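Just so it is clear, none of the values below were taken in a lab; they were calculated from the coordinates. Since this is a predicted model, take the numbers as computed values, not measurements. Reconstructed Cβ throughout: ideal geometry from the backbone, glycine too, with neighbour counts over all protein chains shown.
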Amino acid sequence: MAFGKDREGIGRMNLRQQMRRSTKRPPRGTGGGAPHYVNQYRPPKGAAGTDTIRIIRGEYQIPRIDLDRRDFVRDANGEIVHDSAPHWQYVSYYKHQPDGSGKSCISTEGWLGAFKGKAEPCIAADWYWWEWRKRNETGNKTSPKSFRRSEQYALTVLVMAPFYKVPQMDAQGNIKKNDKTGQPYYNWVKGSKRGNDEFAAGGFERKEGHLQHWSMGFGHWNTLLDFSDTLSRDCRSCHTQNAIEDIALICQECGEAVVEFATTGLSEEDLAKMRAEEVTCQACRTHGYLDDVIGCTSCSNPERATIFDYDLEVHTVATGGDNSNQTNLMIARAIGPKSIDAIYGEDMRKPLDLPKILAPTPLATQEQIFGKPPEDDTPVRQPVTTGSRA
Ligand SMILES: [Zn+2]
Ligand SMILES: [Zn+2]
């Protein structure tokens, strides 16, 4: 049967599709920016404590990439097609130093940077691939290996705790001041959830909650996506848990039900795939995402809850291994679905300008950080056309 529905043209994606899609797309870069590590959120480590956070849904434009053609998808006018996504994406490079410290930058290689010959100039990428080629030449798998490349997924989080405006201190314990104005530099510092700590006692200016940006690699991102899927039986519209009922997955073009849940014999695994990926409709041959037709047992405006509808208690734990600083993201509790508590103001509910905060590091700055790119076998500053990029 076909479901009658208003159509805005195919290609719409629900949140699950938007977020899953991103796990298959290589990231990008343009522009210049401020230090990306300022005001960065990190979940507390270990089992000792959790933060309570609310992830704030953004709306960012990410170009659609055809993985087979290794190029942007363009419309009839030759313009690059963009998809709206609740998160931002980029590639970071990290260089660890012999003394254990490290330096990082945000890649300038562009959205097609993962494809051989399609990257825009990026000094960190030149170093990374130079080291890769050196290892291949010598057969030494571990050296040189000082650069790490990582696809990053970024979100805005509201950290739900009191924050205090605390002056920055230098190594000698003096308050850091602006040379020109004589004014101290401040940081918003998280206090204890109960608000009875040294900051409260110190009389610092206090506010409820603070927005930070949270970047994570593929592992933590997948944890969030999988967790979000487990919330999809709750209704964000009426805030009722376990109220959503599956009715059908329908073609966005013709409305034909590709799956009817009452009668389908498909496995959960196949269904999950059909929800997240593009499918060809047998009725009209359109290849695209399917619309989710759902019901709610307690309201007439059913909407699946997602990770953005809950207060989350999060922390990380080490995955083990002495030399590993790898961690698993743990979501100890999800409270909701519910609205953001009224103690948090309007300014605490708006996503940060992540593309600006996480803008690519200018080439000149990359050169200061990592030095001039290697000059042996690669043309300097060229896109990585001669690199042995897979
Ligand atoms: Zn169809
Ligand atoms: Zn409902």
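In nm, give the distance between the simple-model label positions of residue 299 and residue 270, each being 7 Å from the Cα along the Cα-to-Cβ direction.
Label-label distance for residue 299 and residue 270, simple model: 3.4 nm.
How many Lys pairs in region 142-237 lie less than 19 angstrom apart by Cα atoms, where the lysines are 8 or more positions apart or on different chains?
Close lysine pairs found across region 142-237: 7.
Find me the longest stretch of the chain that has none of the exposed GluC sites (Glu not before Pro), where exposed means in a DSSP loop (not H, G, I, E or B) with at most 13 other Cβ atoms within 10 Å.
On the way: sites that count: 8, 59, 79, 205, 277, 375.
The longest such stretch corresponds to 80-204.
Please report how far the C-alpha centroid of region 78-153 lies from that of region 291-359, rounded to the nearest whole angstrom.
28 Å
Sort 274, 169, 160 so that the residue with the fewest other Cβ atoms within 10 Å of its own Cβ comes first and the one with the most comes last. List each step's numbers first, then the result.
Numbers: 274 17, 169 13, 160 22.
Fewest to most other Cβ atoms nearby, the residues stand as 169, 274, 160.
If you take the beta carbon distance between residue 353 and residue 183 as r and set R0 to 25 Å, what does 1/(1 + (r/R0)^6) give as a FRET efficiency, to the nearest 0.05?
Working: r = 25 Å, r/R0 = 0.99.
It comes out at approximately 0.50.
Where does the charge balance sit around residue 333 when Lys and Arg score +1, Asp and Glu -1, over other residues with C-beta under 12 Å from its C-beta? Kindly include the intermediate steps, with their values, before the conclusion.
On the way: positive: none; negative: 51, 311, 313.
The answer is -3.
Just the Cα atoms of region 64-153, one point each, no solvent: what log10 I(q)/I(0) does Debye give at q = 0.11, 0.16, 0.19, 0.23 Å⁻¹?
Cα-only, vacuum Debye calculation for region 64-153: -0.42, -0.77, -0.97, -1.21.
Sequence gap at least 6, Cα distance under 8 Å: using those rules, report the relative contact order of the chain to the nearest whole percent.
Numbers: 772 pairs, mean separation 99.7, N = 390.
Normalised by residue count, the contact order of the chain is 26 percent.
Evaluate 2.2 N^0.38 Å with N set to the residue count of region 267-377, then give the Cα radius of gyration divided by it.
On the way: Rg = 22.8 Å, N = 111, 2.2 N^0.38 = 13.2 Å.
So the Cα radius of gyration is 1.73 times the expected 2.2 N^0.38 Å.
Given that compact globular proteins tend to follow 2.2 N^0.38 Å, what is the ratio of the alpha-carbon Rg of region 175-256 to that value? Don't skip to the answer; put the middle values down first.
Details: Rg = 23.1 Å, N = 82, 2.2 N^0.38 = 11.7 Å.
With N residues counted in region 175-256, Rg over 2.2 N^0.38 Å equals 1.97.
For the chain, count the residues as N, evaluate 2.2 N^0.38 Å, and divide the Cα radius of gyration by that value, please.
On the way: Rg = 23.8 Å, N = 390, 2.2 N^0.38 = 21.2 Å.
Computed over Cα atoms of the chain, the ratio equals 1.12.
Once a ≥ b ≥ c are taken as the square roots of the eigenvalues of the Cα gyration tensor of region 273-316, is the result rounded (a/c under 1.5), prolate (a/b larger than b/c) or oblate (a/b not larger than b/c)?
Taking the square roots of the gyration eigenvalues as a ≥ b ≥ c, region 273-316 is oblate.
Would you grab the residues whose amide H sits under 5 Å from the one on residue 240? Only those 5+ places off in sequence or on another chain, please, with H modelled 1.01 Å from N.
Amide H neighbours of residue 240, under 5 Å, 5+ apart: 235.
Cut-off is 10 Å between beta-carbons; in what order do 221, 132, 88 appear when sorted fewest neighbours first?
Details: 221 22, 132 18, 88 27.
In order of increasing Cβ crowding within 10 Å: 132, 221, 88.
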